[in-house]
Amino acid sequence: MQKEFITNSPEETEAFGEALAGQYVAPHVFCLTGDLGAGKTAMTRGIARGYGFDGRVSSPTFTIMHVYEGAETVHHFDLYRIADEEELDAIGFDGFLREGISVIEWPDDYEVRIGPCTRITITRVSDTKRHIIVEEKDV
Ligand code: ADP
Ligand code: MG
């Protein structure tokens with residue numbers, strides 16, 4: 001089943017992520033799809049807060065993964081620059097997905113490997129408005 005939402009500010013998107021986090025216990029994977037500037041990192045900030053982390057959240061573009069320690073450990077991935085799956089092997093990607101919470105920006109090329117996740121698709125409607133689709137992906 002697929003659910004659709006609208007947010008009207010980055011704060012609303014963060015609050016949405018925080019509320020969403022309350023609905024899933026670890027281990028759990030969130031896949032965030034959307035163009036650059038859609039709000040994937042804003043959503044991740046809210047999700048991390050929902051699991052008790054109140055520090056800084058930013059796209060791990062060059063490091064592939066950031067780890068946020070709260071009530072749960074949140075692994076924040078950005079797969080945009082991954083050239084091949086051996087880079088995922090090298091960091092022990094599959095193991096991280098099996099423990100705690102994982103939030104994955106740019107999952108698209110690796111969806112089969114990632115497996116089941118809550119997929120969040122964010123689309124820019126205007127400068128401040130975002131359309132959000134949440135669906136459970138089983139494959
Ligand atoms: P991404 O990680 O998808 O590249 P970011 O979360 O880093 O995107 O950036 C989203 C940008 O869009 C930020 O500059 C933010 O202030 C802006 N923005 C405006 N409206 C919204 C909204 N409703 N939700 C999320 N971000 C928004
Ligand atoms: Mg980002």
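Computing Rg and the Kirkwood Rh from the Cα coordinates of the chain gives a ratio, Rg/Rh, of 0.93. For a paramagnetic label modelled on MET1 (point 7 Å from Cα along Cα→Cβ), amide N atoms under 20 Å away belong, within region 91-126, to 116-121. May I ask you to give the percent of accessible area on region 25-124 that is carbon plus sulfur, with a probe radius of 1.4 Å? Summing carbon and sulfur atoms, their accessible area is 50 percent of the total for region 25-124. When DSSP beta bridges are restricted to pairs lying wholly in the chain, around 60% turn out antiparallel.
Centroid-to-centroid, using Cα positions, region 48-111 and region 1-44 are 15 Å apart.
Note: relative contact order over the chain, using C-alpha pairs below 8 Å and six or more positions apart, is 34 percent.
Which value, in Å², gives the accessible area per residue of region 69-139 when a 1.4 Å probe is used on the protein heavy atoms?
I get 52 Å² per residue for this part.
Ordering ARG45, ARG124, ARG119, ARG56 by accessible surface, largest first, gives ARG56, ARG124, ARG45, ARG119; the 1.4 Å probe counts only protein heavy atoms, with every chain in place. Fully extending the segment from TYR80 to SER9 would add 23.1 nm, taking 0.36 nm per residue of separation and subtracting the current Cα-Cα distance.
Here's the picture: charge each Lys and Arg Cβ at +1 and each Asp and Glu Cβ at -1 in the chain, and of MET1, THR13, TYR80 the one pushed furthest to the positive end of that dipole is THR13.
Of the residues MET43, MET65, MET1, ranked by 1.4 Å probe accessible area with the largest first, the sequence reads MET1, MET65, MET43.
The values are calculated or read from the model by the stated rules, or taken from the named source; none is laboratory data. Bear in mind that the values here come from a model prediction, so they are computed numbers and not experimental data. All Cβ positions, even for glycine, are placed from backbone atoms using ideal geometry, and neighbour counts span all protein chains on display. All accessible areas refer to the heavy atoms of the entire protein, side chains included, with ligands and DNA or RNA removed. Shrake-Rupley method; radii C 1.70, N 1.55, O 1.52, S 1.80 Å.
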